[in-house]
Amino acid sequence: MGSILVTGGAGFIGSHTCLSLIEKGYEVIILDSLINSKNEVINRIKKICKANNDLLEKNLKFFKCDLREINKVEKIFSEAINGGNPIKGVIHFAGLKSVGESIKNPILYWDVNLISSINLVRVMDKFDCRNIVFSSSATLYGQSSKELLNEETEIKPINPYGTSKYGIELFLDDVFKSTSEIWSIAKLRYFNPIGAHCSGLIGENPVGIPNNIFPLLLDKTYKKKENLKIFGNDWPTIDGTGVRDYIHVMDLAEAHIKILEHITQTKNKNLNLNIGTGKGTSVLELIKIFEKTNNVKVPFEIVDRRPGDAASVVADNQLLKSTLNWLPKLSLEEMCRDGWNWKIKNPFGY
Ligand code: NAD
Ligand code: UFG
């Protein structure tokens with residue numbers, strides 16, 4: 001059958017996707033430098049697998065490796081062949097993702113994100129593995145004022161994190177164009193993934209101080225010491241607070257498998273796909289649903305707008321629907337329930 005390589009598989013979205021892949025019967029190889037994740041996540045994935053089926057945990061291999069070390073990446077591909085289970089497809093999550101850090105250190109972002117992707121594609125080509133699903137981002141659309149963003153919306157990233165993602169998209173387009181008979185590529189533009197696996201054993205584990213709303217909301221609610229700062233209540237939105245398209249990380253995991261299967265079966269694809277629910281939720285709405293679902297109080301205060309923010313970022317997901325005949329299913333209540341379950345079981349992460 002062959003195996004699937006998941007770069008960045010120890011990270012937030014990667015760990016949930018690996019679990020879903022294993023549960024579907026895939027053999028999974030995780031390659032991760034652990035720069036933004038912990039080794040413990042591997043044990044947790046195995047633990048969940050074991051609880052469901054004793055045999056499944058054998059289907060996971062882990063290599064601590066930085067994609068910029070091309071020799072090590074080659075070794076992983078050749079060992080898979082020697083072991084009789086060549087890598088048939090790659091889901092490429094590995095990369096740095098902090099917008100603020102990217103503004104301070106663009107060289108690091110271009111180095112890690114772009115060089116890693118070039119190395120990976122070079123090795124894939126050498127080993128005749130040409131199916132790749134790449135983690136891009138809705139951040140590519142910059143500060144578009146459109147109500148719903150579709151894949152044709154103008155690409156205008158406003159920070160080095162976003163430009164590095166766009167650079168990789170362009171690189172993959174060039175690779176596809178030069179050899180369009182053999183590569184199958186999907187570039188997924190995620191909106192705002194939140195939540196966790198329902199076991200509470202894996203979840204988002206930001207290293208350092210988080211910037212995103214959901215891990216901050218969990219933290220402030222758990223510690224009850226400081227308020228969550230809401231960045232502005234004067235945006236042109238339903239209640240003045242920022243609107244985003246939140247998607248459950250388990251739905252996102254499922255989307256990856258469906259897309260990988262789609263591009264592998266139909267070949268000769270070069271897709272750009274938005275992955276979102278198509279439904280916008282404001283910060284105040286998110287807080288209200290979180291409080292009601294979990295019967296807790298979220299301490300918050302309104303502060304100034306954050307530079308670089310957009311009022312509303314919501315996906316037009318019609319292409320996702322027509323391509324896969326699938327849309328995300330899990331509700332905001334489920335995102336809030338599962339995220340809180342993860343937090344109370346792991347208040348300090350892994
Ligand atoms: P994450 O930081 O939790 O996971 C990324 C993983 O990649 C980490 O485990 C990290 O250790 C690893 N990594 C980084 N550089 C590496 C390298 N050079 N070689 C090997 N491993 C490396 O992030 P996430 O939230 O799971 O995001 C996964 C991907 O999705 C990222 O590419 C991110 O840019 C993209 N994305 C995330 C979001 C989001 O809100 N979480 C939104 C849009 C796009
Ligand atoms: N927000 C607050 N307070 C906070 C953090 C965020 O009010 O402490 C607000 C923001 O102003 C925004 C909303 O919550 O209205 C969501 O903000 P996040 O920082 O959680 O997410 P963003 O949509 O700004 O960006 C995230 C990732 C990007 C990714 C993008 C995809 O950080 O890397 O989603 O849409 F590209």
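Read-outs throughout are calculated quantities, based only on the coordinates presented, and are distinct from any laboratory measurement. Here the structure is a predicted model, which means the values were calculated and not measured. So basically every Cβ, Gly included, is an ideal-geometry build from the backbone, and we count neighbours across all protein chains shown.
Results, tabulated for the structure shown:
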{"item": "Whichever aspartates and glutamates have a C-alpha closer than 14 Å to that of Lys47, once near sequence neighbours (fewer than 8 apart) are set aside", "result": "Glu23, Glu57"}
{"item": "For the stretch 199-241 versus the stretch 1-27, the gap between their alpha-carbon centres in whole angstrom", "result": "27 Å"}
{"item": "Helical contribution to [θ] at 222 nm, DSSP H n ≥ 4, -39,500 (n - 2.57), averaged over the chain, rounded to 500", "result": "-12500 deg cm²/dmol"}
{"item": "Taking the chain and dividing mean pair separation by its residue count, relative contact order in percent (alpha carbons under 8 Å, at least six apart)", "result": "20 percent"}
{"item": "0 to 90° range, to nearest 10: angle between helix 40-52 axis and the chain longest Cα axis", "result": "80 degrees"}
{"item": "Too-long pairs where the Cα-Cα distance tops 32 Å, listed order kept, from Lys165/Lys297; Lys46/Lys329; Lys46/Lys229; Lys279/Lys343; Lys38/Lys220; Lys104/Lys345", "result": "Lys165/Lys297; Lys46/Lys229; Lys104/Lys345"}
{"item": "With Cα atoms, 0 to 90° folded angle of helix 283-294 axis to the chain main axis", "result": "80 degrees"}
{"item": "Cut-off 15 Å (backbone N to label point 7 Å along Cα→Cβ of Val303), residues of the stretch 96-117", "result": "100"}
{"item": "Antiparallel %, DSSP beta bridges [both residues in the chain], to 5", "result": "5 percent"}
{"item": "Relative contact order (%) - criterion: Cα under 8 Å, at least six apart; region: the stretch 62-155", "result": "33 percent"}
{"item": "Nearest 10 degrees, 0 to 90: helix 12-23 Cα axis against the chain principal axis", "result": "50 degrees"}
